[in-house]
């Protein structure tokens, strides 16, 4: 069990929802996957993993939700194939094809031989994630504007995966930088 205030994007939980049926209420257990969590915390968008149907629920912050136990497996990213991603289990060399949407916006960070994590429930892959820290190469950077300001200055840089992020003014094209994949933010220069 965990409290509603601990909910995060892609956390898997079980929720009992009353379903009206001929003037009596039956409780049906649905396995739901949280796909959006707003900072204000009342509305939570949920997706039924069996049907794909989305619903929006409101939870009290002190309400407890039952956690679903999932199995996590490590895979190695091989390549993109249309809207799918090919992964390989490193010990058995079995290949797994999953939809790219399972990674969400983090699919842009996938690189050859990258270690990724896939969460399984009931033997089925439910979600996938990339490491929180990823090294990317800057392919384009805005020129450095010098000036005296009290606030820190950041400039837009384009990464080798096509994403644009904010970075400190000393970052130039060709530099390798470490990006936080959860919020697409600059962390540090990559160690050589």
Point to revise | Search result, residues across the stretch 69-89 that are assigned to a loop (DSSP other than H, G, I, E, B), over 18 Å from the mean Cα position of the chain (by Cα) and surrounded by 13 or more Cβ atoms within 10 Å (Cβ to Cβ) | key: 89
Practice item. Determine which member of the set 181, 117 is surrounded by 15 or more Cβ atoms within 10 Å (Cβ to Cβ), closer than 30 Å to residue 46 by Cβ and not assigned by TED's automatic domain parsing to the domain that holds residue 46. Key: 181
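The values are calculated or read from the model by the stated rules, or taken from the named source; none is laboratory data. Just so it is clear, the structure is predicted and the values come from calculations on it, not from any experiment. FYI the Cβ positions are ideal-geometry reconstructions off the backbone, even for glycines, and counts take in every protein chain you see.
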